[in-house]
1. Can you give me the % of accessible surface on the range 276-363 that is carbon or sulfur? Probe 1.4 Å, all protein chains present, nothing else counted.
2. Considering every Cα-Cα pair within the range 271-340, what fraction, in whole percent, is farther apart than 16 Å?
3. State the Kirkwood hydrodynamic radius of the range 51-166 in Å, one decimal place, computed from all pairs of distinct Cα atoms.
4. Please report the Cα spread of the range 105-160 along all three principal axes, rounded to whole Å, starting with the longest.
5. At 0.36 nm per residue, minus the direct Cα-Cα distance, what do Asp285 and Arg339 gain on full extension? Give it in nm, one decimal, please.
6. Counting only protein heavy atoms, what percent of the accessible surface of the range 107-183 is carbon or sulfur at a 1.4 Å probe?
7. With a Förster radius of 60 Å, plug the Cβ-Cβ distance of Arg470 and Ala123 into 1/(1 + (r/R0)^6) and report the FRET value to the nearest 0.05.
8. If the cut-off is a Cα-Cα distance under 12 Å, which aspartates and glutamates reach Lys146, setting aside same-chain residues fewer than 8 apart in sequence?
Amino acid sequence: MAKGSDTSDGKDLPPLDIQGGGQSAGFPAQARLDTSSYNPLGNPGNKHWQAAVVTRPGLDDRSSIFFAAVEMTRMPMVVADPRQHDTPIVFANRAFLDMTGYEEEQVLGRNCRMLQGPDTDRATVAEVREAVQEKRAVAVDILNYKADGSPFWNALFIGPIFDENGELLYFFASQLDITRRRISEQAFRQAQKMEAIGQLTAGLAHDFNNLLQIVSGNLELAEHFAGDNPPLRHAIGQAARAADQGGKLTQQLLTFARKQRLDPRRISLNSLVMDFSEMLSRTLDDRVELRLDLRSGLPFCTVDPTHLEMALLNVVINARDAMPSGGRIRIATGVLDDRQRLASHDLPHGPYVMLCVIDDGEGMPPEVARRATEPFFTTKRPGTGLGLAMVHGFVQQSQGRLEIDSEVGQGTTVRMIFPVAAEHALPPQSQNVPDLMPEPVPVTRTVLLAEDSDDVRQLADTWLRSLGYRVLTARSGEEALDLLERDGPVELLLTDVIMPGGMNGLALVEHARRRLPGLPVLLMTGYMDDLAQEESRMSAMDVLAKPFRRAELEEKIRVVISRAQAAGPATPSTFRHEG
């Protein structure tokens, strides 16, 4: 941090600002105290003093309005005397006592280092000490400790006070508890970092899914033509399993990046934990005890229950692995309505519910806990480092937050925080889903296939033709519309979501359905970001996530066409604009 000017010899200082007919004077800051510390002024500051000169140095006269102002302000202030041994505090206003929790007799006569603690930055202390030795002003943000031992971030300003002859009389210090601001800044920086990683991850996963689609699809074709050749079929099977693992990996990455498609429902966390507890118990060995501590009357929340179960399973497995010699895992639910805590997570004020997993395992040091949700960061071998990253991504996408508290030797607490569901929201109701599996598709049906990747398009075309469909292929949305106009009605539109040019898959669907209302649609995607943002536009569409197999494509098409048949055939629109 930049230092203030040396005031001991008067060099390089602005003219004195004389006040009270010469009773006191000061050197205006003139934005010279440039630091990265917190500044309550909201600007660099030009008029406030960074050093002062007084004609009446005593502290006994407390009859003036200025002393009343010092005691009435909510800005903590102290005065220290460098002429005494160890520069003790000789005055502290009531705001300082309120902030630190000390009594006046516990403060007077002691050096300001009384506020330092085990995690106070030594470099910052050295910076303050150097400024004091050089009799100049300094401003820093420093981690201090209150009387009860609790840490707080202190925006500290120190400036010297001289007499008319230039002799140093006192150091004045103003302070401000900026803990909440520091926590918010740290949370914001972490969120920015995770968002940047998420965007990069999602983009890579999209391209990787296209590549996996080509690899796994052609392996399936190769297996079909391999015939009775056991070594070849074995090699193809090994490669196919690796491609499947790659597909699962990209789904984990997309979960971390908050780009997966969720199916949120109004649920009770208590009910979900109770129903899922048997599965959780099976993942633990006999040395680990699972306990449930569920708050009665817990409000509902709106989350995807399947993804929440997987998130809970991930956290419980981590807790199990942290207790190699056995221990206890407690799953608890509760309500959170702490305004300051919510603000530190950049969450709007209101009621929230918590799902907590508490273990008494090994715990994590601070440097590990800070990185616990980063993808591919792991202290376990073997391990992918994607478990907590996926949990973090899911909770964030569900409008919630993830908290991790851990201490070496004391265990770890992981909290998933979700907003309480709106009162008018209805709980999910069971539906009787009809059997949508029709008879084999006749040859006469036509599928319009839109896919910008040549290899994926060729693979899908091969599969569709092998299933008995006539296929029209297009490289873009615009080309697909041209085919629809030229070659007539089709029975299904199979389109990728993300395509280059001015028309993506969702826009293509809108244009195609203007021509053929009720046209059955099946979307292909390796990247759910557009779908998450366009939920209302795609509510009546089915989605096939890449990479997929021929059998999955066949089944999905049959379901989509069967549903359309039950609703009535798609017919060309006769609407004409008469403008």
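The values are calculated or read from the model by the stated rules, or taken from the named source; none is laboratory data. Just so it is clear, the structure is predicted and the values come from calculations on it, not from any experiment. With ideal geometry, Cβ positions are generated from the backbone for all residues, glycine too; neighbour counts draw on all protein chains shown. All accessible areas refer to the heavy atoms of the entire protein, side chains included, with ligands and DNA or RNA removed. Shrake-Rupley method; radii C 1.70, N 1.55, O 1.52, S 1.80 Å.
1. Carbon-and-sulfur percentage of accessible area, whole number: 46.
2. Distances greater than 16 Å cover 53 percent of the Cα pairs.
3. For the range 51-166, inverting the mean 1/r across all distinct Cα pairs yields 15.2 Å.
4. Result, largest extent first: 32, 25, 16 Å.
5. In short, 15.5 nm is gained.
6. Working: 1760 of 3480 Å².
Roughly 50 percent of what the probe reaches on the range 107-183 is carbon or sulfur.
7. Step by step, r from the Cβ atoms, then E = 0.25.
8. Straight-line reach from Lys146, under 12 Å: Asp98, Glu103, Asp177.
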